[in-house]
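What follows draws every value from the coordinates through simple rules; no lab data is involved. Note that the structure is predicted; figures quoted are calculated from it, not measured. Heads up, the Cβs are rebuilt from the backbone with ideal geometry, glycines too, and the neighbour counts pull from every protein chain shown.
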């Protein structure tokens, strides 16, 4: 039977289940990726699991998010992560070496392999023919322990690309076109597979741009074939021996099909405050801006900074505009310097920041209050930039640079200049000096974890109770993001290794009284939350579950959930429930006291549950979509607890 690329990747790694759409499957994981915003928790989970050494082919710990060292907290965590990489047998990418996704593609990605990452943009590695999936940190820890990834078999969505991109239109406009068509929920439960003759004009890093932001569609992952372009890319990285061809068989089909004629695309832009709020640039042209930010994981390629450098050469950016340059990797920064592009950016007013996520995660580069910031980054959720009243637009490097020159949002096609034709340099500037390999053999067993005063052990998680009674502390609408549940940024993320402290910021963007109100009812039964569709979209950070769980959250009732957050809720024993009748959502208000009976028994039996609204004297039915494996996790209280039970030595027999 003819197979597409996604089917080949899954079938070659399938260890449990069948590839029937919607069925739970287990997939063997070859590689893992962790970064410092989520990785500290992963390492604490490995410690709690008492894992002697990772069991994957390759696992890499990156330090790319929390790079600002305003006090001891981030610096202490960097030392902790270095010691954990030595203790558990991981590669360690030093601070300043670059963003995990492009660095991994450059140095470790291998076509045909699977990867699980504790970052929602892990699917970027699909650019070179990998099956790369973002997940919560605990699932990544389990993969490091040799456990399969369990997920529901997605539908495979074939996107056929034809034609060639016009001048001033680039890969960012391709994924923005997908978001314009389908919004932030369009890819939920699906794998996107790009194919067709239009691929010939897209480099491996162009494909990275598209695969990276497939996460904003809600997709499980994105895959591209491993073709001649991927071979060229790996050879340029001095890793040609890692290339294998991986393309769809002739006649292979897809569950859904779509076509994009690249020649018809124009410059696009996502308006505040959602990646799905996409319009043509010409519709918002002329709005005054304060800032543009180039780079980060969503536009990490050399061309994404070289083209802007050619655009600003001999020119100066507008005096009102902060022109921020965020190289995605130390290797790219070195190449920019060696080829002369960096000097052109600096001369034009560029503010050069270190290689890392930086402004993308709100770690510096925050814009002025109520002023427009144009960014080549993947997300513009409210407040993610570090400024609560932000106005962040997402666009291509060409649009961002054109706007930096004029001081207003500008369609780059209207500039009085020829389109810069970028060509890859003849020399490859491969630099592996900031990658520290794992300790060999059993040398890791004696390594002590270096824990600063801000690093706290994981809290204990109690089992699922027979009844849940508590108030609805928040009722929210659709598309609530993890940035709204637990903010990122320089003020919050330094507490990522300290759940009691980071919990103070839970739902800070939504209602800053939430944590105090939650603590007030924590010992009397806890509380519940109610939300609309796509609850928990965005980042994979499990802190968005751990913090509310620490504050006494017992259940979330929503119209629908984002995949990663739903699984994170299960992993830490928060019951995710879905309204059977969507209209019942309207009947619940914040402050209502809800009661559930026979919870553990009905979850164990796969039965619907009835929720009594004691405030209103009404009731309604809800359901859960837990597999038998996930039911075990819920009943145990957390995946860690269940894992401990399974690996614990059997008690000696008594005579």
For this session: Find the eigenvalues of the gyration tensor of the Cα atoms of segment 147-286, then list the square roots of 5 times those eigenvalues as equivalent ellipsoid semi-axes, largest first, in whole angstrom.
Result: 25, 20, 15
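For a quick check: sort 191, 260 by the number of other beta carbons within 10 angstrom, fewest at the front.
Numbers: 191 29, 260 19.
Final ranking by Cβ density, sparse to dense: 260, 191.
Give the relative contact order (percent, whole number) for segment 468-646; include only Cα pairs under 8 Å separated by 6+ residues. Walk me through the numbers before you get to the answer.
Values: 361 pairs, mean separation 40.6, N = 179.
That works out to 23 percent.
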Problem set entry | Between segment 92-113 and segment 561-596, the Cα center-to-center distance that results, in Å | 37 Å
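What 222 nm value per residue comes from the helices of the chain, counting each DSSP H run with n ≥ 4 as -39,500 (n - 2.57) and dividing by all residues, nearest 500 deg cm²/dmol? Numbers along the way, then the final one.
Working: 21 runs with 181 residues, N = 655.
My calculation for the chain gives -7500 deg cm²/dmol from helical runs alone.
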Exercise. For a paramagnetic label modelled at 7 Å from the Cα of residue 24 toward its Cβ, which residues of segment 553-567 fall within the zone defined by backbone nitrogen distances under 17 Å?
Worked result: 563-567
Exercise. Expressed as a whole number of Å, what is the distance separating the alpha-carbon centroids of segment 135-151 and segment 377-428?
Worked result: 36 Å
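With r defined as the distance between the Cβ atoms of residue 343 and residue 288 and R0 fixed at 30 Å, what FRET efficiency is calculated, to the nearest 0.05? Walk me through the intermediate numbers first.
Numbers: r = 29 Å, r/R0 = 0.96.
Computed FRET efficiency for residue 343 and residue 288 comes out at 0.55.
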Exercise. Could you work out Rg/(2.2 N^0.38 Å) for segment 81-178, with Rg from alpha carbons only?
Worked result: 1.31
Problem set entry | FRET efficiency for residue 266 and residue 421, using Cβ-Cβ distance with R0 set to 30 Å, rounded to 0.05 | 0.95
Seminar exercise, completed: At the level of C-alpha centres, the distance separating segment 256-321 and segment 44-70, in angstrom, is 34 Å
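Residue 446 to residue 512: extension gain in nm, 0.36 nm per residue of separation minus the Cα-Cα distance? Before the final figure, lay out the partial values.
Values: separation 66, 0.36 × 66 = 23.76 nm, distance 4.38 nm.
Taking residue 446 through residue 512 to full extension adds about 19.4 nm, to one decimal.
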Problem set entry | Fewest-first ranking of 641, 264, 465, 221, using other Cβ atoms within 10 Å as the exposure measure | 264, 465, 641, 221
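Got the relative contact order for the chain handy, in percent, Cα pairs under 8 Å and 6 or more residues apart?
Details: 1631 pairs, mean separation 92.2, N = 655.
The normalised contact order for the chain reaches 14 percent.
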Exercise. Does segment 309-371 classify as rounded, prolate or oblate by the C-alpha gyration tensor (a ≥ b ≥ c root eigenvalues; a/c under 1.5 gives rounded; else a/b over b/c gives prolate, otherwise oblate)?
Worked result: oblate
Exercise. Among (1) 37.0; (2) 40.6; (3) 29.8, which is the computed mean projected area of the Cα convex hull in nm²?
Worked result: (3)
For this session: Please label the shape of segment 272-357 as rounded, prolate or oblate, based on the square roots a ≥ b ≥ c of the eigenvalues of the alpha-carbon gyration tensor (a/c under 1.5 means rounded; beyond that, a/b larger than b/c means prolate, else oblate).
Result: oblate
Seminar exercise, completed: residue 619 and residue 164 label points (each 7 Å along its Cα→Cβ direction) are spaced in nm at 6.8 nm
Exercise. How would you classify segment 211-327 from its alpha-carbon gyration tensor, with a ≥ b ≥ c the square roots of the eigenvalues: rounded for a/c under 1.5, else prolate if a/b is greater than b/c, otherwise oblate?
Worked result: oblate
For this session: Please give the helix 303-312 orientation as an angle from the longest Cα principal axis of the chain, in degrees from 0 to 90, rounded to the nearest 10.
Result: 50 degrees
For this session: Output the Cα-based Rg and Dmax of segment 468-646 in Å, rounding Rg to one decimal and Dmax to a whole number.
Result: 15.3, 45
Exercise. Which whole-number percentage describes the relative contact order of segment 178-245, with Cα contacts under 8 Å and a sequence gap of 6 or more?
Worked result: 37 percent
